[in-house]
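Each remark here refers to the structure printed beneath this line.
Derivation of every value follows stated rules applied to the coordinates shown; laboratory data play no part. Remember, it's a predicted structure, so these values are computed and weren't measured experimentally. Here Cβ is always computed from backbone atoms with ideal geometry, including for glycine, and neighbour counts include all displayed protein chains.
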Amino acid sequence: MKVAIISYSFSGNTKRACLFLLKKIKEKNIDTNIFDLKPAKEEKAFLLQCRSAFYKHKVEIQNPAFELNAYDFIVFASPVWAFTFAPALRAYLESIKDLTDKKCGCFLTYGSGLGKNKALTELEGALKAKGARILFSKNISGAKTGDKEYLDEQFKSLIDIISA
């Protein structure tokens, strides 16, 4: 089994959750790589980031080509902004030609919780449109990404799926 974690993080909450997940998967002796999405020109103001997400603006990603065929399972992660997922992940997903029958999981980190379910449904739809088989999908509180017990509980089913 080989796992890829592809994520975008602005404040660090999503990154913290991804690093925790990476550690847990590697503890199972599963080959895992993490790839951080970076916009070529990134807005530094959170409100401008939210506006970009809300209007689904296109962003250019630095070095977006990750060879996904080499992976058996792919996890996609992003924060929730303005009732949707981050433009960097949207741009990356649009650049992917095909995920037909690829085992995937996804999670979003959120602050207020407003729009988290809509955002997760939208992300699932984007993955399904590429043919992905979604085996894990969850919203995770950004405020709790430093809580190892909370993250253990949130990622337990994903770890079980990957290590089966």
Could you calculate the FRET efficiency of Asn117 with Met1 from 1/(1 + (r/R0)^6), where r is the beta carbon distance between them and R0 is 30 Å, rounded to 0.05? 0.50
Contact order normalised by residue count of the chain, Cα under 8 Å, 6+ apart, percent: 25
Could you calculate the contour length gain from Asn69 to Asp31, that is, 0.36 nm times the residue separation minus the distance between their Cα atoms, to one decimal place in nm? 12.2 nm
Give, in nm to one decimal, the length gained when the segment between Ser11 and Ala164 is fully stretched (0.36 nm per residue of separation minus the Cα-Cα distance). 51.8 nm
Measure up Lys26/Lys97; Lys2/Lys116; Lys23/Lys156; Lys97/Lys138; Lys116/Lys144; Lys118/Lys138 against 22 Å on the Cα-Cα distance and list the ones that go over. Lys26/Lys97; Lys2/Lys116; Lys97/Lys138
What nm distance separates the two modelled labels at Glu124 and His57, each placed 7 Å from Cα along Cα→Cβ? 3.0
Listed highest first by mean packing, meaning other Cβ atoms within 10 Å per residue, what order do 75-86, 107-118, 142-153, 15-26 come in? 75-86, 15-26, 107-118, 142-153
Need one word for the range 103-154: rounded, prolate or oblate. Basis is the Cα gyration tensor (sqrt eigenvalues a ≥ b ≥ c); a/c below 1.5 gives rounded, then a/b vs b/c decides. oblate
Could you tell me which label, among [x] 1.33; [y] 1.09; [z] 0.95, carries the value of Cα Rg over 2.2 N^0.38 Å calculated for this structure? [z]
